[in-house]
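Below is one structure; the comments refer to it alone.
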Amino acid sequence: MTPLRIVVADDEDLARSLVREYLKDSLDVQIVAECKNGFEAVKAVTELKPDLLLLDIQMPRLDGFEVLDLVGRNECHFHHGLRSVRDSCIRRPCGGLSAQALQYRTASRSNRPCDEEDRAGRIHRSSNVVGGGSGSRRKPDRILIRDGGDVHVIPLVKIDYVEAQDDYVCYRAEGKRYLKQQTLADVETALDPSRFVRIHRSYILNVDRLAKLELYAKDSHAAILRDGTRLPVSRSGYARLNAMIG
């Protein structure tokens, strides 16, 4: 059986070197990339398509949750927190992680889902707050969009509006368009409701970009943005927008 291909992502050199040391005698695993930050992790997973990602959550530039959102949770199995992996290896040198890797290998290579305990653990981990304890993630202050192995970072304050386009959404910011495979409903949930409003089934508007509302037909309105862009406003969208701007 070919070795389990692993990407290790942690901003601490010591953490990566310890994992490398624990795995050096394991014939059934192969570290194909070591990453110092989230951007490198996204690039490595995209290009190398590993079987397992050992991922630290608290990393600079992109945290572990953002990495998972960008690469897609189905592209490879993941284990978050290299420190917990390290502790496991310390208690059971080398063999502990090797056995765990084999469990992942069995699930991934046979195209079967992980067992219920692992699935529940992954769901629990993905719902935790980075640096907090409320049980749900904070609202983002930026949008991350993967373009191959590259990542575009768009601050929310620069977004003009978001438009639904089939299975994608298009973020319009500073005259540029960025496509992301996502539903508009997910975008609406993630964005700050005090700044962004759903004005139409296909559009979410940054209210800071609104110049004026126009009535162009009976019960039909258009939002005119500061750059002259016209967006349709539905009846329910008009009610939501009017409630925000008073």
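What follows draws every value from the coordinates through simple rules; no lab data is involved. Please read these numbers as outputs of a predicted model, since none were measured by experiment. All Cβ positions, even for glycine, are placed from backbone atoms using ideal geometry, and neighbour counts span all protein chains on display.
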Which order do the peptides 167-175, 215-223 come out in when sorted by mean C-beta neighbours inside 10 angstrom, highest first?
167-175, 215-223
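Suppose every Lys and Arg Cβ carries +1 and every Asp and Glu Cβ carries -1, with no other charges. What dipole size does the range 152-210 come out with about its Cα centre, to the nearest 20 debye? Please list the in-between numbers first.
Values: 9 positive and 9 negative charges, 33 e Å.
Using Cβ point charges on Lys, Arg, Asp and Glu, the range 152-210 gives about 160 debye.
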Could you compute the net charge surrounding GLU174? Neighbours are other residues with a C-beta less than 13 Å from the C-beta of GLU174; K and R count +1, D and E count -1.
+4
So for R0 = 30 Å, FRET eff. of ASP25-ARG61 from the Cβ-Cβ r, to 0.05, ends up at 0.40
Under 12 Å from the Cα of LYS212 - aspartates and glutamates, other chains or at least 8 residues apart
ASP227
Find which of ALA15, THR2, LEU27 sits farthest along the positive direction of the dipole of the range 1-46, computed with +1 on the beta-carbon of Lys and Arg, -1 on that of Asp and Glu, about the Cα centre.
THR2
Under the Karplus relation 6.51 cos²θ - 1.76 cosθ + 1.60, θ = phi - 60°, what is the ordered set of whole-Hz ³J(HN,Hα) values for the range 173-186, x standing for Gly and Pro?
8, 6, x, 10, 10, 10, 9, 9, 6, 6, 8, 5, 5, 5
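Given a Förster distance of 30 Å, report the FRET efficiency between ASP208 and ASP186 from their Cβ-Cβ distance, rounded to the nearest 0.05. Spell out each step's value before the answer.
Numbers: r = 22 Å, r/R0 = 0.72.
Using R0 = 30 Å, I get an efficiency of 0.85.
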What is the distance in Å between the Cα centroid of the range 40-68 and that of the range 190-246?
37 Å
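Looking at this model, which pairs from LYS36/LYS176; LYS43/LYS180; LYS180/LYS218 are more than 28 angstrom apart at the alpha-carbon? Display every interim value, and only then the final one.
Values: LYS36/LYS176 30 Å; LYS43/LYS180 17 Å; LYS180/LYS218 34 Å.
The answer is LYS36/LYS176; LYS180/LYS218.
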In the range 152-245, taking the dipole from +1 charges on Lys and Arg beta carbons and -1 charges on Asp and Glu beta carbons about the Cα centre, the listed residue (VAL187, ILE159, LEU225) farthest towards the positive end is LEU225
Just grab the label-to-label distance for ARG230 and VAL157, each label 7 Å out from Cα along the Cβ direction, in nm (one decimal).
3.2 nm
